[in-house]
Amino acid sequence: MSEDPPSENDETPVGAAAAMGQEPELIAHADGGLRIVRVRSAEDAAPFRASFAGAYQDIFAGAPYNERFYASEAMGFLDGFLRMPDHITLLAVKGRSRVVAFGIGVPVSARADIARELRGLVPVRHAFYLAELGVQESWRGHGLGRRLVDLRLQLVDRQRYSHVLLRTSAIRNASYQMYMDMGFEDMGVYMEVPARRIDGSVRTDRRLFLSRVLQGSSEGG
Ligand SMILES: CC(C)(COP(=O)(O)OP(=O)(O)OC[C@H]1O[C@@H](n2cnc3c(N)ncnc32)[C@H](O)[C@@H]1OP(=O)(O)O)[C@@H](O)C(=O)NCCC(=O)NCCS
């Protein structure tokens, strides 16, 4: 991995970027001089697009997914999320535009593939999907993954969404444990996801759905 771990000596020339143009909304600061920003539009995302793609490629090339994405595909995913209504797209950024982590959420109804699997099990129109979470390997273990889940949960509109869902590897790894600790429940619903792997083959891997009722929503109490 080419990313640097958190260090107190890192500088964050946010002012320089601000001087160049519009800054996306700052949601929080995180250890290691990171900014967590919310990007709402393609214009907001423009400075981060290439770096997002690199992070996406690196993160999902690792275990357990071993996926190979082209940079253009990763950028296409980002563009697609940014066009979805009510999307919550958070990037953890080092310096001006280096993306070290991301957390993206969208309504389940905007994802036909997910909605098809879950119809009848959850109120699809009132369910929000935590679509992507990734932290560059050298930045892991400092609470950033959990933070990006927490922040999205805080930002979901509870007047409209009562349930949060996500899909994680069925091998029940560290990410599964993190979500269990955060109050998610194992739905016992699986999905085979086809993808190009780093060895060039196209194979499926097994994912598992987790869900959580949102506190403060009309159903969550
Ligand atoms: C899953 C992922 C996002 C976690 O990011 P992170 O920044 O390391 O997560 P955190 O530091 O917030 O750790 C959150 C929890 O994960 C678990 N965890 C993290 N690293 C772990 C490890 N090496 N071993 C065991 N559990 C671990 C712990 O439960 C931890 O909670 P704790 O801090 O209370 O012990 C990161 O490993 C990743 O990007 N993985 C590859 C992509 C992926 O799996 N995405 C999730 C798909 S749903």
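Every number here is computed from the coordinates shown, using simple stated rules; none is lab data. Bear in mind that the values here come from a model prediction, so they are computed numbers and not experimental data. All Cβ positions, glycine included, derive from the backbone under ideal geometry; neighbour counts span all protein chains shown.
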query: Say the dipole of the chain comes from +1 at the beta carbon of Lys and Arg and -1 at that of Asp and Glu; which of Gly54, Val106, Ser41 then lies farthest toward its positive end?
result: Val106
- request: Would you order Phe77, Phe52 from fewest to most other beta-carbon atoms within 10 Å of each residue's own beta-carbon?
  value: Phe77, Phe52
query: When only Cα pairs under 8 Å and 6 or more residues apart are kept, what is the percent relative contact order across the chain?
result: 18
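Which net charge results for the neighbourhood of Ser169, defined as the other residues with beta-carbon distances under 11 angstrom from its beta-carbon, given Lys and Arg at +1 and Asp and Glu at -1?
Numbers: positive: Arg167, Arg172, Arg206, Arg207; negative: Asp205.
Surrounding charge for Ser169 is +3.
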message: Give me the dipole magnitude in Debye, nearest 20, for region 139-221 about the Cα centre, with unit charges on the beta carbon: positive for Lys and Arg, negative for Asp and Glu.
response: 280
message: Charges on Cβ only, +1 for Lys and Arg, -1 for Asp and Glu, centred on the Cα centroid of the chain; of Ile88, Ile198, Leu121, which one is farthest towards the dipole's positive end?
response: Leu121
message: To the nearest 20 Debye, how big is the dipole of region 14-213 about its Cα centre, given +1 on the beta carbon of each Lys and Arg and -1 on that of each Asp and Glu?
response: 140
- prompt: Going by how many other beta carbons lie within 10 Å of each one, how would you line up Val124, Val164, fewest first?
  reply: Val124, Val164
Exposure proxy ranking, count of Cβ atoms within 10 Å, fewest first, for Ser138, Ser217: Ser138, Ser217
field: Cα-based helix-to-principal-axis angle, 71-83 vs the chain, degrees rounded to 10
entry: 70
query: Summing -39500 (n - 2.57) over the DSSP H runs of n ≥ 4 in the chain and dividing by its residue number, what mean residue ellipticity at 222 nm do you reach, to the nearest 500 deg cm²/dmol?
result: -8000 deg cm²/dmol
